[in-house]
Amino acid sequence: MWTLSTLRNYLVAEATAKDPGVALADLERITVKSPYVDGFCHPIAHDLGHTALTMYHGDVAKAMSFPNDVCGSGYLHGVVEEKLQEMPNPATAVTTLCSPAQTGACIHGIGHGTMFVSHLDVAAAEKMCDRFPKNYQVWACSEGIFMQLFEPDESDPTALAKLPADKLAAEPQYPCAEQPPTHQSACYFYAPIYYLQTHDYAAHPEAFVQGLAWCLKAPTSGSRSDCSRGMGSRTMKYNIDRPVWVAERCQRAPAAWQRQDCAAGMVSYWNVNYGDKTAARTSLCPKLSGEANANCRRAAPTSSSAD
């Protein structure tokens, strides 16, 4: 049985002795053989990205020459966030570091990096993300910001964001309502991370369903939808080795719209984790039945097609 630390140590040593491509291929093989590893492989892939950039003395092109989107593109995120910290002027580098492709996955990594260079100052990180000229780029960068805010140390599931108790008491999804409109959606999507951590989801699996009720406390229909999608995404991330169980959690939401949004989040994480936008349609939805199957197909790309 692998743990996060034993697998990280093994793969970092392998990357150093051989090359990152070998380690990434090995990580992919291990996740296929042992699906429970998917629950903690993203931060390991981040660390492989950090290792690669160090190995190649800051050469991003060389580090990125080992393309593998295993574990939600964590390797790419790690390369980019590490490089951004090395830049003498990160604010001007954010819009060029992912050139020329400017993929969402790469820009998401920049979002993580803006939080490192701003020392978790959300407003300062948002200003850096706002330098991108296109909306999809700002959104992708914003996702990295709030994933980093609510999950400051992915390798430690007990590491909490430093949020004031009095603010949380008044606003369950603090600080999302205070964010500029372009950044609110990402904040509400990742806010469930904090809820699940503070409700000890590992020991209390009922927290996943209770979290859907918590999402209903968000102030607008859009924020309630974003939170519900985020809860579905996190439920899948933390339980990816039992997808039918995850779908059953979504089905326990009281309203049809929330069951659909939860399923959309569940599907999105499945696809991101396996690096294939059709993965849910081909390997997740067929496992489900009834409304859960219909919601999965509705959320998955080309979901109306027969398997």
Checklist entry - If ligands, DNA and RNA are left out, what is the accessible area of MET128 with a 1.4 Å probe, given in Å² to the nearest 10? => result 20
Item to check | the chain, helix-only ellipticity at 222 nm - DSSP H runs n ≥ 4, -39,500 (n - 2.57), divided by all residues, nearest 500 | outcome: -20000 deg cm²/dmol
Checklist entry - At THR16 and SER221, where each label point lies 7 Å from the Cα along Cα→Cβ, what is the point-to-point distance in nanometres? => result 5.5
Item to check | Accessible surface, the range 128-230, averaged per residue in Å² (probe 1.4 Å) | outcome: 44
Item to check | Estimated Rh, the chain: Kirkwood, alpha-carbon pairs, angstrom | outcome: 19.6
Checklist outcome for this item: Rounded to one decimal in nm, the spacing of the 7 Å Cα→Cβ label points at LYS167 and GLU86 is 3.3
Next on the checklist: What three numbers, in Å, describe the spread of the alpha carbons of the range 186-278 along their principal axes, ordered from the longest?
Outcome noted: 33, 29, 23
Checklist entry - To the nearest 10 Å², what's THR16's accessible area with a 1.4 Å probe? => result 80
Checklist outcome for this item: Kirkwood calc, the range 23-86, C-alpha pairs only, radius in angstrom 11.6
Checklist entry - Between THR278 and SER5, 0.36 nm times their residue separation minus their Cα-Cα distance comes to what? => result 95.2 nm
Next on the checklist: Keeping all protein chains in place and using 1.4 angstrom, which order do PHE208, PHE116 fall into by accessible surface area, from largest down?
Outcome noted: PHE116, PHE208
Checklist entry - For the range 107-183 and the range 249-263, what is the separation of their Cα centres, given in Å? => result 26
Checklist outcome for this item: Heavy-atom accessible area with a 1.4 angstrom probe orders LYS162, LYS83, most exposed first, as LYS162, LYS83
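The values are calculated or read from the model by the stated rules, or taken from the named source; none is laboratory data. Just so it is clear, the structure is predicted and the values come from calculations on it, not from any experiment. Here Cβ is always computed from backbone atoms with ideal geometry, including for glycine, and neighbour counts include all displayed protein chains. The accessibility values were calculated without ligands, DNA or RNA, using every heavy atom of the protein model including side chains. Shrake-Rupley method; radii C 1.70, N 1.55, O 1.52, S 1.80 Å.
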